[in-house]
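Here the structure is laid out as structure tokens; the discussion comes afterwards.
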Amino acid sequence: MDADILIRQETESDFDRIDDVVRSAFCDVEESDHTEHQLVQRLRRSAAYIPGLSLVAVTGGGEVVGHVLLSKVEVGSRDAVHAALAVAPLSVLPAWQGRGIGSLLMREAHRRAAAMGYGVALVLGHEGYYPRFGYKRASSFGIKFPFDAPDECCLAAELLAGGLDGVRGTVRYPEAFCIE
């Protein structure tokens, strides 16, 4: 891992570069619809956006090489609605992948989210990657995603001790996610 990677909150001057990073990161991903950069743009304009949880990885030379966004979602049932965060998307430029930058972004995003009082993060992601950050099958906690996806890819993590206690139901994404 390059020692001179800085993780910081995105700024407006980063937006175009973040779009490039996100597009590049997902260009060869078969499961992608290749609109993740548009999701980031929509989320920034929504009430689900938390500026302090949209982070970039920057080289010592100032190049943005990675990005992660955690935004507000809910998990709800007839009995209760719980606040949670969705990780979407996590992106690293292909030339920089495999160097630990995604891990740096995830760990810092989790740390900041926990400091803000968020107890749960959810992700639709690769079952071989996200468990290193504490993610487990969401279904094992009684959490369902509102779309057809493999169970092993629908994941939840506890950011604070007891954060998943009593959290059950279906994930409710904000309109910016365009999930029907």
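Quick one: in the stretch 138-149, which of the residues that are modelled with pLDDT of 95 or more and out of contact with any helix residue (DSSP H, G or I) (no Cβ under 6 Å at 6 or more places or on another chain) is farthest from Tyr173 (Cα to Cα)? Even if it seems obvious, please write down each step before you answer.
Step one: list which residues in the stretch 138-149 are modelled with pLDDT of 95 or more, which gives 138-146.
Those left that are additionally out of contact with any helix residue (DSSP H, G or I) (no Cβ under 6 Å at 6 or more places or on another chain): 138, 140-146.
Working: Ala138: 15, Ser140: 20, Phe141: 18, Gly142: 17, Ile143: 13, Lys144: 12, Phe145: 9, Pro146: 9 Å.
My answer is Ser140.
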**Message:** Residues that are touching a residue at least 24 places away in the same chain (Cβ under 8 Å), surrounded by fewer than 21 Cβ atoms within 10 Å (Cβ to Cβ) and assigned to a strand (DSSP E or B): does the stretch 66-75 have at least one?
**Reply:** yes
**Request:** Mind counting the residues in the stretch 111-159 that are part of a helix (DSSP H, G or I), surrounded by fewer than 19 Cβ atoms within 10 Å (Cβ to Cβ) and under 16 Å from the mean Cα position of the chain (by Cα)?
**Result:** 6
**Counted residues, the stretch 1-37 - those being part of a helix (DSSP H, G or I) and open to solvent by less than 80 Å² (accessible area, probe 1.4 Å)** = 13
**Asked** Could you list, in sequence order, the residues of the stretch 88-110 that are touching a strand residue (DSSP E or B) at 6+ places or on another chain (Cβ under 6 Å), closer than 28 Å to Arg172 by Cβ and either surrounded by 19 or more Cβ atoms within 10 Å (Cβ to Cβ) or without any contact (Cβ under 8 Å) to a residue 40 or more places away in the chain (or both)?
**Response** Leu90, Ser91, Gly102, Leu105, Ala109
**Item:** Residues being without any contact (Cβ under 8 Å) to a residue 24 or more places away in the chain, in contact with a strand residue (DSSP E or B) (Cβ under 9 Å, 6 or more places away or on another chain), more than 16 Å from Val87 (Cβ to Cβ) and not charged (D, E, K, R) - total across the stretch 113-168
**Value:** 2
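The values are calculated or read from the model by the stated rules, or taken from the named source; none is laboratory data. Here the structure is a predicted model, which means the values were calculated and not measured. Cβ coordinates were reconstructed from backbone atoms using ideal geometry, including for glycine residues, and neighbour counts include every protein chain displayed. Surface accessibility is based on the protein's heavy atoms, side chains included, excluding ligands, DNA and RNA. Shrake-Rupley method; radii C 1.70, N 1.55, O 1.52, S 1.80 Å.
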